[in-house]
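The values are calculated or read from the model by the stated rules, or taken from the named source; none is laboratory data. Being a predicted model, the structure only gives us computed values, none of them experimental. With ideal geometry, Cβ positions are generated from the backbone for all residues, glycine too; neighbour counts draw on all protein chains shown. Note: areas computed on protein heavy atoms with side chains; ligands, DNA, RNA excluded. Shrake-Rupley method; radii C 1.70, N 1.55, O 1.52, S 1.80 Å.
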Amino acid sequence: MKVGDISVSDFAGLLASQGVTIQTGPFVFRLTSHIPSIAAPVWRLYRDFPLIEPDLVDFHLVLRPAGRFARFTGRCEVVIDARRILSVFKSPAALPHLEWALNWWIYNYAHQFFIVHAAVVERDGKAILLCGPPGSGKSTLCAALVARGWRLLSDEVALVCPDTLKIFATARPISLKNESIEVIERFAPSAVFGPRALETHKGIVAHVAPPEQSVRHINADAHPCWILFPSYAADAATRLTPIPKARAFLRAASDAFNYQILGAQGFRTLAAMIDRCSCFELAYADLTEALKVIEGLGQQAHRA
Amino acid sequence: MTASPWPIWRLCDAVTLLWRSWGDEFVVFNVAANQTHLLDAFSAAVLKQVEASPKTLGALTGHFAAELGADPGQVLPRLEEAGARFAELGLIERLNT
């Protein structure tokens, strides 16, 4: 059964009582929410994901009002596994904080994977990793590529199996911030958006629902083929510049969440990824031009 | 027995290195310290010599002078510079004999 197979009101009822258990690729989480306003957006953004029996879950998140005066302050909190408060926020920011909590768990516990801070999309089994710090434009490019038919694996983390280099997908909603929200609304008018959270520590945040086919094919093969380091600047000319692989290695290592934790295994995994990838910097301002360059890479590989 | 005028270079205790190269650039991972370093071809060749077995600076100078077809007097400062960096990074120690 999928989330979308039950009504929004039933979903809201479950959220507020026993919770819902959702599978996103390799992870299963249970979500309970005592913030009624979050039910409809979560239902809309996760409608294609499997809703499963709550036998085995990796972790349990609870969204709830924070403190005795929450009715007056509007403060809420997200709690993981009934013991740790991850963040405190005003209720309109609940959805971003839910997504950040899901990311937090992956960064801290999913060490069966080599985890790179990167958006990942795939076509014909070949994946592009868009690496870089917040603000580099990776989520914007990711959303645009997904709108062009690339399969979404993640807008936030590349989960690489150290043994096979297969990249596992979570296909969760794409998080857009500030100006990139309108950019994608114009670029992909049919994209399904969640509500805008206006006052977060990252500015305005809105999420784009993953396409149904990305969720349906969540376990399809994807192996790293290209590593791009995008950098958005308002006046940049679109330019794709090859990076020597050893330099790309160091940059990707610094973008990895658990390179240090995995030690030698992290080194070997990243080295094997770099062996098979072409690595580039991508400077861009114009989204359409940037996509043309990226899709050109895919077409060259297809011909080769 | 006369002491050698050259110090002996050897890997620090417990240092194990993993290597990967692309073109003329090398990445080396020091397993014990969990640290990664980017090396050029010359520095990598020096470290690999020391990794293979401890060497005197004199032996290294002779080896690389022959390898590069260069004057030992030109090679020695490059080796000393590389050695100082490796020592600073905790990769090698330079022992006076």
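For q = 0.16, 0.19 Å⁻¹, what log10 I(q)/I(0) does segment B:1-67 give under the Debye formula with an equal point scatterer on each alpha carbon and no solvent?
Scattering profile of segment B:1-67, log10 relative to I(0): -0.61, -0.80.
Where the only charges are on Cβ atoms (+1 Lys, Arg; -1 Asp, Glu), what is the dipole of segment A:1-127 about its Cα centre, to the nearest 20 debye? Walk me through the intermediate numbers first.
Numbers: 13 positive and 11 negative charges, 123 e Å.
Around 600 debye, computed over segment A:1-127.
Just to check, using Stokes-Einstein with a Kirkwood Rh over alpha carbon pairs, what's the diffusion coefficient of the protein assembly as shown at 37 °C and 0.692 mPa s in µm²/s?
Working: Rh = 23.7 Å.
Answer, rounded: 139 µm²/s.
Mind running the shape call on segment A:60-200? Use the C-alpha gyration tensor, a ≥ b ≥ c as the square roots of the eigenvalues: rounded below 1.5 for a/c, prolate if a/b tops b/c, oblate otherwise. Please report the intermediate quantities before stating the final value.
On the way: a/c = 2.77, a/b = 1.38, b/c = 2.01.
Here segment A:60-200 falls in the oblate category.
Accessible area per residue for the protein assembly as shown in Å², computed with a 1.4 Å probe and the full protein assembly in place, what is it? Display every interim value, and only then the final one.
Details: 18290 Å² over 401 residues.
Per-residue accessible area for the protein assembly as shown comes out at 46 Å².
Largest first and in whole Å, what are the equivalent-ellipsoid semi-axes of segment A:3-109 based on the Cα gyration tensor, each being the root of 5 times an eigenvalue?
21, 17, 12
Residue farthest toward the positive end of the dipole of segment A:3-109, with Cβ of Lys/Arg at +1 and Asp/Glu at -1: which of A:12, A:109, A:79?
A:79
Could you state the angle between the C-alpha long axis of helix A:138-147 and the longest principal axis of the C-alpha atoms of chain A, as a value from 0 to 90 degrees rounded to the nearest 10?
90
Taking the Cα centre of segment B:8-91 as origin and charging only Cβ (+1 Lys, Arg; -1 Asp, Glu), how large is the dipole, in debye to the nearest 20? Please list the in-between numbers first.
Working: 6 positive and 10 negative charges, 43 e Å.
Using only the charged Cβ atoms, the result is roughly 200 debye.
Considering only B:84, B:11, B:74, whose Cα is most displaced toward the positive end of the charge dipole of segment B:8-91, charges sitting on Cβ of Lys, Arg (+1) and Asp, Glu (-1)?
Of the options given, the answer is B:11.
Just how far, in whole angstrom, is segment A:57-127 from segment A:14-33 if you go by their alpha carbon centroids?
12
So what is the calculated 222 nm ellipticity per residue for the protein assembly as shown, using -39500 (n - 2.57) for each DSSP H run with n of 4 or more, over all residues, to the nearest 500 deg cm²/dmol? Display every interim value, and only then the final one.
On the way: 14 runs with 146 residues, N = 401.
Counting only the DSSP helices, I get -11000 deg cm²/dmol.
Give me the percent relative contact order of chain A, please, defined on Cα pairs under 8 angstrom at least 6 residues apart.
Working: 618 pairs, mean separation 49.3, N = 304.
Value for chain A: 16 percent.
I need the phi-derived Karplus couplings for segment A:95-105: 6.51 cos²θ - 1.76 cosθ + 1.60, θ = phi - 60°, integer Hz, Gly and Pro marked x.
3J(HN,Hα) across segment A:95-105, in whole Hz: 5, x, 5, 4, 5, 5, 5, 4, 4, 4, 4.
With Cβ to Cβ distances under 10 Å as the rule, what net charge do the other residues near residue A:119 carry (K, R +1; D, E -1)?
On the way: positive: A:138; negative: A:155, A:156.
Value of the local net charge: -1.
Beyond 24 Å between alpha-carbons counts as too far, so tell me which of A:177/A:245; A:202/A:292; A:2/A:202; A:90/A:177; A:138/A:245; A:138/A:292 fall in that bin.
Numbers: A:177/A:245 31 Å; A:202/A:292 29 Å; A:2/A:202 31 Å; A:90/A:177 18 Å; A:138/A:245 20 Å; A:138/A:292 15 Å.
With Cα atoms farther than 24 Å apart: A:177/A:245; A:202/A:292; A:2/A:202.
I want the local charge near residue B:14. Using Cβ-Cβ distances under 14 Å, sum +1 for each Lys or Arg and -1 for each Asp or Glu among the other residues. Don't jump to the answer; show the numbers that get you there.
Details: positive: B:10; negative: B:13, B:51, B:93.
Surrounding charge for residue B:14 is -2.
Less than 11 Å Cβ to Cβ from residue A:109, Lys/Arg counted +1 and Asp/Glu -1: what total charge do the surrounding residues give?
Here the count lands on -2.
Magnitude of the Cβ-charge dipole of chain A, K/R +1 and D/E -1, about the Cα centre, nearest 20 debye?
On the way: 31 positive and 27 negative charges, 76 e Å.
With Lys and Arg at +1 and Asp and Glu at -1, about 360 debye.
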